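Encoded as structure tokens, the structure appears first; notes follow it.
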Amino acid sequence: MKLDDLEALLDADTVEQVWAHLTAFMDGYGFDRLLYGYTRFRTANSFGDPQDLLILSNADEVYVNGFINQGLYFHAPMVRWAAENVGACSWRWISEMALRDGITEAERKVLNFNEAHAVTSGYSISFKDSSIRSKGALGLIARAGLTQDDVDAIWEEHGRKFMVICNVAHMRLTCLPYSGARRSLTRRQKEELEWVGDGKTTQDIAQIMGLTPATVEKHLRLAREALNVETTAQAVLKASFQNQIFAVDG
């Protein structure tokens, strides 16, 4: 790991730039596919609305559709590990867990799906987050042909720098704007939510922006719809969580 690698992540202005740097770096060590997930809306029984999740992957579309869009991830052993732990874990844990506790039918379905897509060896990282409702995790999928023994040997030699790079990437990703699977807010919607966050009334915002109160109300309603919330206060909170307002332009 060179300082250039860290500087590239820290200087990135978009989620896409961070992801490009991270995937290129990890590919150089045999992890040619990554799967990252982050939520600020975790509950005791779920990771929140799937449309609010930040999901990034360079795996093929068929795999991502099956694992994420069809909900297989919810029963994946390593996702369960990541939800309950912080740190890094070899996928050898899956076989150890199976011997100790057995495999459910839902978990077996996930493992069969992964095997069909050459997702059999790798490592998972579960990041330490500041909120009990936040959780970020990264799956490092080894290139086809590498065994778990190969992966564990790679990790033994380079795991410390992997943790540094991946944690910096995670921290950078959580600071950048994202909208999940929902449509992004417009510039006017963002500006109005920012004024609401500053304690301004509809009339105040109308005067500041040179609009009618009815127009302000319309854009706030559209912002609530885009964020799938009931109140403007909830819209301000969710937009803030997703770094869509009060954000520095890149």
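The values are calculated or read from the model by the stated rules, or taken from the named source; none is laboratory data. Treat the numbers as computed from the prediction; the structure is a model and nothing was measured. Heads up, the Cβs are rebuilt from the backbone with ideal geometry, glycines too, and the neighbour counts pull from every protein chain shown. Heads up: the accessible areas ignore ligands, DNA and RNA and are worked out on the full protein's heavy atoms, side chains in. Shrake-Rupley method; radii C 1.70, N 1.55, O 1.52, S 1.80 Å.
Data overview
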read-out	value
Size of charge dipole - region 1-155 - debye, nearest 20, with Cβ of Lys, Arg +1 and Asp, Glu -1, no other charges	580
Where region 106-250 is the region considered: accessible area per residue in Å², 1.4 Å probe	53
P(r) weight above 19 Å for region 169-246, C-alpha pairs, percent	31
Packing-based order for 206-213, 46-53, 24-31, using average beta carbon neighbours within 10 Å, highest first	24-31, 46-53, 206-213
Using alpha-carbon coordinates, inclination of helix 213-227 to the longest axis of the chain, degrees	10
30 Å Cα-Cα reach of LYS135 towards lysines, excluding residues that sit fewer than 8 places from it in its own chain	LYS2, LYS109, LYS161, LYS190, LYS238
In Å², nearest 10: area of VAL164 left accessible to a 1.4 Å probe	60
Local electrostatic count, LEU111, Cβ distance below 13 Å [Lys/Arg +1, Asp/Glu -1]	0
Rounded Å value of the spacing that divides the Cα centres of region 91-170 and region 173-250	37
Equivalent-ellipsoid semi-axes of the chain, from the Cα gyration tensor, Å, largest first	39, 21, 14
Using alpha-carbon coordinates, inclination of helix 187-197 to the longest axis of the chain, degrees	80
Carbon + sulfur, % of accessible area of region 149-243 - ligands and nucleic acids excluded, 1.4 Å	48
Of the trypsin sites (Lys or Arg not before Pro) in region 1-66, those whose Cβ has at most 14 other Cβ within 10 Å and which sit in DSSP loop	LYS2
